[in-house]
Each structure stands twice: as structure tokens, then as C-alpha cells.
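One structure below.
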Amino acid sequence: MALHAGDHRAPHQTKRVARFLRARAYLVAETLAGILREWLEYVPEKVLFATDAYPYLPEMGWEESGWIGAHTGRRALAIALTGMLRSGEITRERASQLARMVLRDNARALYGLAAK
């Protein structure tokens with residue numbers, strides 16, 4: 001996974017939309033989870049989930065990169081939210097709300113898409 005449109009070292013200073021996308025084998029879910037956790041603490045309304053289904057390597061088609069991106073991103077989000085729950089930072093209800101925001105609601109708000 002690669003991080004785009006946000007500085008993970010200073011999430012409270014960015015006004016840009018924070019998106020994590022692009023499947024990359026070198027950034028494991030645990031590493032991404034730490035970055036996401038910090039963003040979720042400061043700017044949860046600016047974190048979007050997306051994957052680029054792009055063939056980054058000749059040996060990897062777009063199908064694989066899309067799957068890896070989705071798998072790694074969702075796993076990282078689960079790790080981040082579980083850590084926040086266990087440390088008492090958020091409730092179970094807030095964790096569910098944050099997951100919906102990152103996986104769906106923030107993109108809808110950004111792009112003006114109506115909920116069905």
C-alpha cells in the first residue's frame with residue numbers, strides 16, 4: 001500500500017483528503033495500520049479507502065494488485081481499529097462508524113454521491 005494526499009507524520013496539519021491506495025508488497029498491513037491509526041485519531045473524515053488495480057510489475061496483473069490492495073487495506077484498517085478498541089480510545093460503535101466512514105461514507109461525501 002502507498003499513501004497519497006496526506007502527510008502521515010502530521011495528519012492534523014493537512015487539509016488535503018487522505019487516501020491510502022496502490023497495492024505495494026513492501027508496505028505490510030501492520031505498518032499501514034500504524035499510519036491509519038494516527039490519521040483516524042486526527043482526521044477520520046478525510047481518510048478514504050481505494051485500490052488501484054494497476055499492473056505495477058510485469059509479473060503482476062491488475063487483478064492481483066487490486067486484490068492485494070483491497071486485502072492489505074482492509075486488514076490494516078481492522079488492525080488499527082482493533083488497537084484503538086483495546087486501548088480504550090474508542091467504543092465498538094465508534095469503530096463500526098469509523099470503518100463505514102473510511103470504506104464508504106467519506107468517499108460519498110467527497111464526491112457528492114447519494115446514499116441508497
request  = Being farther than 27 Å from Met101 by Cβ, of a type in the set (Asp, Glu) and either in contact (Cβ under 8 Å) with a residue 40 or more places away in the chain or not in a loop (DSSP other than H, G, I, E, B) (or both) is the filter here, so list the residues in segment 44-82 that pass it.
outcome  = Glu63, Glu64
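When you scan segment 83-116, how many residues do you find that are assigned to a helix (DSSP H, G or I) and either in contact with a Lys or Arg (Cβ under 8 Å, 6 or more places away or on another chain) or hydrophobic (A, V, I, L, M, F, W, C) (or both)?
Going through segment 83-116, the residues assigned to a helix (DSSP H, G or I) turn out to be 83-86, 92-111.
Pick out the ones that are also either in contact with a Lys or Arg (Cβ under 8 Å, 6 or more places away or on another chain) or hydrophobic (A, V, I, L, M, F, W, C) (or both) and you get 83-85, 95, 98-99, 101-103, 106-107, 109-110.
Counting residues in segment 83-116 that are assigned to a helix (DSSP H, G or I) and either in contact with a Lys or Arg (Cβ under 8 Å, 6 or more places away or on another chain) or hydrophobic (A, V, I, L, M, F, W, C) (or both) gives 13.
The numbers here are math on the coordinates, done by the rules we state, and not lab data. All values reported here derive from a predicted model rather than from experimental measurement. Ideal geometry is used to build each Cβ from the backbone, glycine not excepted, and the neighbour counts take in all protein chains shown.
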